[in-house]
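All remarks here apply to the structure that follows.
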Amino acid sequence: MEKLRRLVNQIAYTPISERHSNLSHLQLSLIPLLSFSSFLYKLALFLRYRLYHLGLLRQHRLQVPVISVGNLTWGGNGKTPMVEFIARWLADSRISPLILTRGYAGGDEAKMLQRHLLGTSAKIGVGANRAATAASFLKRYGYADPHIIGSCLKRCGSDQKAGSLSELDKLGAAILDDGMQHLSLFRDLEIVMVNGMIPWGNQKLLPLGPLREPLNALCRADVVVVHHADLASDKNLHAIESMLRKLKESLPIFFSRMAPSYFFKAGDTSCQLPLGTVYNMVVLCVSAIGFANAFVQGIEKIEPLHADQLDFSDHHLFQIKDYDREPEILKHLDPFDVLVLCSELQIVPKKGHTEDSYKILLRQIMESKLIGINKC
């Protein structure tokens, strides 16, 4: 199955004009079947959207603002790091966020978020039915008055209190992880992540290509963030921006990267080690993420003696499990040191867009949406 996924992934990211020179006979023989499957997928997408448009499928609205963080292609776009970034921003603004995640493959992303956001006011709800999950959390913790949320946003960065402690403990916003295609939950802000290194592949729908929706779905976005901007070429970034502008001229476009922070030893999160720990060492980069090349290139910037890679498909279910699914198993890999790399998403200053201007834009959009919630 892993081999088949790799073959299909290569097809998805090979331009049509280069198929015969870059793909094997086996891969070329798969294309008719993948094309038919892609047609069925497109038909299912159309029918699903029509059902929502006609009101036959219902979209649930929560009592708090909903920020959706999603993407148009499979894996490696920085969705979950952006979810963590926004959760921290909200918590620092004295707004308690609820993260709603599906919980793929044993909930490894949810466990990572719990570890990274420990000590903040963020809550994490896991479940495929995210409307039901949100309802249970809102019932348990309550939800803050929209006026209080608005006051917190206006006082963002100050030490002034915007309300009583009990009111601030209530949930003030929900963050929908991988939310672009999750139509059953109404969102007030749509953030779409784009991989700056391999944005659209062959521009075909799944499974022939990497697209989960046609490119014109980007018109629904309120903000687009181009991820791995530090690793992508200027030519790539310019082409992505041009494509986005053709679809939606007024679309705000920001750029981000993953910044390595430190290592810790597997099974001991309290033992933080500097990035220079791997300097001049031989390193094997093992991952099961959407875009492993970015991880490897990040390690190479630390200048180990040699870096090799062993990567699996996104959310691959290991027989020997990974850190966030089963940290204890990695203790048995002696005599080798097993280190876990911790990184954080950063907004890259580019074309006058900075982290501060990104947060200001998010605040302005949320404030405008709160007016609508107040009227409901």
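At-a-glance table
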{"read-out": "Unit charges at the beta carbon, dipole of the chain: most positive-side option, 80, 361, 340", "value": "361"}
{"read-out": "Angstrom value of the Kirkwood radius, inverse mean 1/r, which spans all Cα pairs in region 2-53", "value": "12.5 Å"}
{"read-out": "Chain lengthening between residue 239 and residue 139 when straightened (0.36 nm per residue, less Cα-Cα)", "value": "31.4 nm"}
{"read-out": "Full-stretch length increase - residue 25, residue 5 - with 0.36 nm per residue and alpha-carbon distance subtracted", "value": "5.6 nm"}
{"read-out": "Residue with peak Gaussian network fluctuation, the chain [Cα springs, cutoff 10 Å], from 366, 281, 112", "value": "281"}
{"read-out": "Among 54-64, 141-151, the order from most to least packed when residues are scored by Cβ within 10 Å on average", "value": "141-151, 54-64"}
{"read-out": "Quotient of Cα Rg and 2.2 N^0.38 Å for the chain, N being how many residues it contains", "value": "1.02"}
{"read-out": "Relative contact order, percent, the chain [alpha-carbon distance under 8 Å, six or more residues apart]", "value": "20 percent"}
{"read-out": "Additional length obtainable on full extension of the chain from residue 364 to residue 184, 0.36 nm per residue less Cα span", "value": "62.3 nm"}
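Each value in this text was obtained by applying a stated rule to the coordinates, not by laboratory testing. Since the model is a prediction, treat every value here as computed from it, not as a measurement. When we count neighbours, we look across all protein chains shown, and the Cβ atoms used for this are built from the backbone with ideal geometry, even at glycine.
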